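The structure under discussion appears below in the form of structure tokens.
The values are calculated or read from the model by the stated rules, or taken from the named source; none is laboratory data. No experiment lies behind these values; they were computed from the predicted model shown. Note that we place each Cβ from the backbone using ideal geometry, even for glycine, and neighbour counts take in every protein chain shown. Heads up: the accessible areas ignore ligands, DNA and RNA and are worked out on the full protein's heavy atoms, side chains in. Shrake-Rupley method; radii C 1.70, N 1.55, O 1.52, S 1.80 Å.
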Amino acid sequence: VSEYILELEKLREDLPYEIDGIVIKINEYRVQDELVFTAKFPKWATAYKFKALEATTILEDIFLTVGRTGKITPNAQLTPVSLMGSTISRATLHNAEYIKTKDIRIGDEVVVIKAGDVIPRVERSLIEKRNGQMEYIVPNICPACNSDLVTIENDQYCQNEKCIGRIKEGLAHYCSRDAMNIDGMGEKIIVRLYEEGKINSYVDLYKLTYDDLIGLEGFQEKSVMNTLESIKESLNQELENFIFALGIRNVGLGSAKLILKKFNSIEKIKNASIEELISVDGVGLVIAESLCDFLDDAVNYQQIIKMGEYG
């Protein structure tokens, strides 16, 4: 296998298609059956990733985004550069500690890679080419609502429950394919509906009417009807999709499936102790604590109960 990897790495540049590595797997079905799966992956196969290809460009600016859990992510605005068949103009900088440790500054010439050959990331600054760039200090206020940020481990968080950034990202996540799979609810529409006071949480999606949507940019009669039908159809999603859609920190679709094998309702999950939750194979303390914290919050649980009324 090692010899094959070395051989293929040499051939990589000459192939008529992009590859990012190879998959190594056991080819005996009997052994595969013994090794089984984790929540997401087979234990009888693994991916070997080649070293990421690199490109250099100029970091023009740094801007912050806020996620559905309130986590703040610094991002790099780059002079566009070609890398692995796509043009890269933005890349992640992870968190304030990453910027500080790597001493990344606006105006630097930087090395960009695709992490896992997918997500663009600023890998390092070419400090030897620096010409007087000032140290960058990450702001300590939320870019969406101007609330003060708190630092948890190495990450900054906005804890304002009414932050437009958090609400927007949370609703977009709720509507996404692996969650409730609601077509027609893009980010711009969500922001517009929020600003007009028509949605404030995922529960409000199920109160939307024809009059709420008609006339919004991109909405004609047919698209309005399709979106309302998609919202209605989302009620038929599996329970694990709904749990994932709630955007509970650290709880993915795979862990939701595992938990539901033992606790087949949200009420049973809420009533379970942390010890009972971590007894589920594949569920650790971090996931269990996140679930308990979320479901113990009266506002969160009240919204879940409200969803029961919608079917």
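Take ASP33 and decide whether it is modelled with pLDDT of 95 or more and at negative phi.
No: the conditions fail for ASP33.
Determine which single condition ARG90 fails, assuming it passes every other condition in (1) in a loop (DSSP other than H, G, I, E, B); (2) open to solvent by 40 Å² or more (accessible area, probe 1.4 Å).
Looking at each condition in turn, ARG90 falls short on (1).
Restricting to the range 196-212, what's the tally of residues that are touching a residue at least 24 places away in the same chain (Cβ under 8 Å) and assigned to a helix (DSSP H, G or I)?
Here the count works out to 3.
Checking VAL224 against (1) over 21 Å from ILE305 (Cα atoms); (2) surrounded by fewer than 19 Cβ atoms within 10 Å (Cβ to Cβ); (3) over 26 Å from the mean Cα position of the chain (by Cα), which test does it fail?
Among (1) over 21 Å from ILE305 (Cα atoms); (2) surrounded by fewer than 19 Cβ atoms within 10 Å (Cβ to Cβ); (3) over 26 Å from the mean Cα position of the chain (by Cα), the lone unmet condition for VAL224 is (2).
When you go through TYR174, TYR194, TYR98 one by one, which is the residue that is touching a helix residue (DSSP H, G or I) at 6+ places or on another chain (Cβ under 8 Å), surrounded by fewer than 19 Cβ atoms within 10 Å (Cβ to Cβ) and of a type in the set (Phe, Trp, Tyr)?
Matching residue, one of TYR174, TYR194, TYR98: TYR194.
Identify, please: which residue in the range 271-311 is among the hydroxyl-bearing types (Ser, Thr, Tyr) and under 23 Å from the mean Cα position of the chain (by Cα) and is, among those, nearest to LEU205 (Cα to Cα)?
Going through the qualifying residues, I end up with TYR301.
Scanning the range 224-277 for residues that are in a helix (DSSP H, G or I) and among the acidic types (Asp, Glu), which turns out nearest to TYR301 (Cα to Cα)?
So the residue we want is GLU267.
When only residues in the range 61-85 that are open to solvent by 40 Å² or more (accessible area, probe 1.4 Å) and assigned to a strand (DSSP E or B) count, which is nearest to GLU153 (Cα to Cα)?
Only one residue fits best here, namely LYS71.
Only one of (1) free of Cβ contacts under 8 Å to residues at least 24 places away in the same chain; (2) farther than 25 Å from VAL66 by Cβ; (3) open to solvent by less than 70 Å² (accessible area, probe 1.4 Å) fails for LEU235. Which number is that?
(1)
Exactly one condition in (1) open to solvent by 30 Å² or more (accessible area, probe 1.4 Å); (2) touching a residue at least 12 places away in the same chain (Cβ under 8 Å); (3) assigned to a loop (DSSP other than H, G, I, E, B) is false for ILE104; which is it?
ILE104 satisfies all of (1) open to solvent by 30 Å² or more (accessible area, probe 1.4 Å); (2) touching a residue at least 12 places away in the same chain (Cβ under 8 Å); (3) assigned to a loop (DSSP other than H, G, I, E, B) except (1).
Determine, yes or no, whether VAL122 is in contact (Cβ under 8 Å) with a residue 60 or more places away in the chain, over 19 Å from the mean Cα position of the chain (by Cα) and either surrounded by 15 or more Cβ atoms within 10 Å (Cβ to Cβ) or more than 30 Å from GLU233 (Cα to Cα) (or both).
no
Would you please name the residue that is modelled with the lowest pLDDT, looking only at residues in the range 101-138 that are closer than 18 Å to THR65 by Cβ and in contact with a helix residue (DSSP H, G or I) (Cβ under 9 Å, 6 or more places away or on another chain)?
Per the stated criteria, the residue is VAL138.
Provide a single number: the residues in the range 263-281 that are surrounded by 15 or more Cβ atoms within 10 Å (Cβ to Cβ) and either touching a residue at least 60 places away in the same chain (Cβ under 8 Å) or within 16 Å of THR38 (Cβ to Cβ) (or both).
The number of residues fulfilling the criteria is 2.
How about the range 282-292: which of its residues are surrounded by fewer than 19 Cβ atoms within 10 Å (Cβ to Cβ) and assigned to a helix (DSSP H, G or I)?
LEU285, VAL286, GLU289, SER290, CYS292
Within the range 107-119, count every residue that is outside any loop (DSSP other than H, G, I, E, B) and under 18 Å from the mean Cα position of the chain (by Cα).
3
For the range 1-22, which positions are open to solvent by 100 Å² or more (accessible area, probe 1.4 Å) and hydrophobic (A, V, I, L, M, F, W, C)?
VAL1, LEU6
Do you know which of the residues in the range 29-60 that are of a type in the set (Phe, Trp, Tyr) and either touching a residue at least 12 places away in the same chain (Cβ under 8 Å) or part of a strand (DSSP E or B) (or both) is farthest from ILE127 (Cα to Cα)?
PHE37
I'd like to know if the range 142-152 contains one or more residues that are on the phi > 0 side of the Ramachandran plot, of a type outside the set (Phe, Trp, Tyr) and surrounded by fewer than 13 Cβ atoms within 10 Å (Cβ to Cβ).
Yes, some residue in the range 142-152 is on the phi > 0 side of the Ramachandran plot, of a type outside the set (Phe, Trp, Tyr) and surrounded by fewer than 13 Cβ atoms within 10 Å (Cβ to Cβ).
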